[in-house]
1. Could you count how many residues in the range 343-352 are open to solvent by less than 10 Å² (accessible area, probe 1.4 Å) and assigned to a loop (DSSP other than H, G, I, E, B)?
2. Just for the range 398-445: of the residues that are basic (Lys, Arg) and within 36 Å of the chain's Cα centre (by Cα), which one is surrounded by the fewest Cβ atoms within 10 Å (Cβ to Cβ)?
3. Hey, among the residues in the range 291-340 that are aromatic (Phe, Trp, Tyr) and under 25 Å from the mean Cα position of the chain (by Cα), which one's surrounded by the fewest Cβ atoms within 10 Å (Cβ to Cβ)?
4. Return the only residue of Ser469, Ser506, Ser510 being in a loop (DSSP other than H, G, I, E, B) and surrounded by 15 or more Cβ atoms within 10 Å (Cβ to Cβ).
5. Looking at (1) in a helix (DSSP H, G or I); (2) in contact with a helix residue (DSSP H, G or I) (Cβ under 6 Å, 6 or more places away or on another chain); (3) within 30 Å of Glu435 (Cβ to Cβ), can you tell me which one Asp355 breaks?
6. Quick check on my filter: what residues within the range 525-547 are in contact (Cβ under 8 Å) with a residue 40 or more places away in the chain and either hydroxyl-bearing (Ser, Thr, Tyr) or not in a loop (DSSP other than H, G, I, E, B) (or both)?
7. If we keep just the residues of the range 392-410 that are touching a Lys or Arg at 6+ places or on another chain (Cβ under 8 Å) and part of a helix (DSSP H, G or I), which is farthest from Ala421 (Cα to Cα)?
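The values are calculated or read from the model by the stated rules, or taken from the named source; none is laboratory data. Predicted model only: the values in this text are computed from it and were never measured. Using ideal geometry, Cβ is built from the backbone for each residue, glycine included, and neighbour counts are taken over all protein chains shown. These accessible areas exclude ligands, DNA and RNA; they are computed on the full protein's heavy atoms, side chains included. Shrake-Rupley method; radii C 1.70, N 1.55, O 1.52, S 1.80 Å.
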Amino acid sequence: MLDVNALQATDLQGLSQGAVTEIATALLARVAAQQAAILAKDEHIARRERELKFKDAKIERITFELARLRGWKYGAKTEAMTAEQRKLFEDALAEDEADLQAQLDALQGDAQADDQADSPADTAQGRPKRQPRRQALPEHLRRVEHHHEPENTDCPTPECGQPMARIGEDVSERLDVVPAEFFVHRHIRGKWVCKCCNQQGEGRLVQAPVAPQIIDKGLPTAGLVAHTLVAHFVDHLPYYRLEQVNARSGVHTPRSTLASWAGAGGASLKPLFEAHRAFVLGAKVLHADETPVRMLDPGAGKTAKAYVWAYARGEHDGTPGVIYDFCTGRGSKYPAAFLSAWEGTLSCDDYGGYDVIFKRQGCIEAGCLAHARRKFADLAKANASPVATQALLRIARVYQVESQARAMAAGDRLAHRQRHARPLWAELHAWMTLERKRVPDGGGIAAALDYSLKRWSALGRFLDDGAVSVDNNHIENLMRPWAMGRKAWLFAGSELAGQRAAMVMSLVQSARLHGHDPWVYLKDVLERLLAHPNNRIDELLPHRWKPVA
């Protein structure tokens, strides 16, 4: 049979009719196969074009969604949200952005893979994908190493095949987690007796003494009690949700049991709380603020409004600390009683409940410039007055000077303020006084100016004492855990429960100010408190605590 592919024109001469028919049939079959291949290729190209158009449209839509999300993230509308609303919005936005970015990366990765499959020669010319900059994983985390080597380490070149040499390695790290593990401590106390004395009826049983426990003859260790306190007062989990979390590990802990553990743990912390209170009130500069919480009133069958008062050592104090006081009201008698023996400078807002303190000799008021600024900021957002915008610019200059002095010692900070902030402060006062004469009474800008001018001496207290802060934001930040807890707990079950919450949160929030892990701190303190001498209890305070090696 003639080879059609190698057939020459001279080969056709002298062929028989049958041979010519055979050649023609082979050529026709070859042409039909080529036409079928061309049609299949055209169909493949058309399908790829449709897929590419679909991917391009999807990439365009996802890119638009990402741009819109980022526009919302930095848009002016988010400034009208409350702190809690903005936090929820940012969490949802981060989830959506990560979801869309993953979809976009997958689509673009598929498109690049398809392009490389169609044109392998262009692969080396592609730009390397820019890797995101991530914070290094903490060094203290346990590392589980997985070694990966090729199955065959001989040279893949057919003409060579010699063993290859290992010249290095690439290391990548991925973060993993193991859910909380419950385990049981078995304490086996041997019983010892003298057989000789026992035969004479005088034998005594000797055992190692039982170590004191937070809950006598109870199941939980100090670690579990600390875990319950941290979950409830730091992570803001209601007891019924913590019960569900524990149940996933097969451990049944009714909410009533969890509450009793927290109650016993809180009671054991009271001596430490009293020592911590004395430490905080030993400062000559304090910040104060208050926030409402709901408290259950079983007699009335509803909840009543209670208040948590917070007192923190000065923002510039080298040994920070905060103390919370749960009270059933907002009257002046509560801060007056708590600060009855205290003297110094108290930074607070314009609430009249603090006035009784400043009537005492030795107590000085320091105002909050952030509160004064906020009144102008509200007007500026509404474009209510150009005076408000000008006030914000002038106040910003004072804050710029303050930011430069933040890391200085008190004496250097005071000298810096005197040199740079006092002239700006005098100009601001003169400008506000002049503008107040120009604006009519009863308007928003008049109220904002009156607030600052009437409290001018208190607002300028930071110019007389380098340890005093320019505003009260420090204590407002320390109030945020109560705002989170208020949304999770909904209300305090009783006045005693509120006082216990204030006690625990005073210690754990102060521990966090000093960089301590709340659970590690509470576990160690609960283990040591029962046997710790009362005259050395200061060693367990957050600012002095050292973990046992």
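1. The qualifying residues number 1.
2. Arg406
3. Trp309
4. Ser469
5. (2)
6. The answer is Val525, Leu526, Glu527, Leu529, Asn534, Ile537, Asp538, Leu540.
7. Per the criteria, the residue is Leu392.
Every residue, every condition in (1) of a type in the set (D, E, K, R); (2) closer than 18 Å to Ala531 by Cβ, yes or no:
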site	(1), (2)
Ile215	no, yes
His227	no, no
His236	no, no
Val245	no, no
Arg248	yes, no
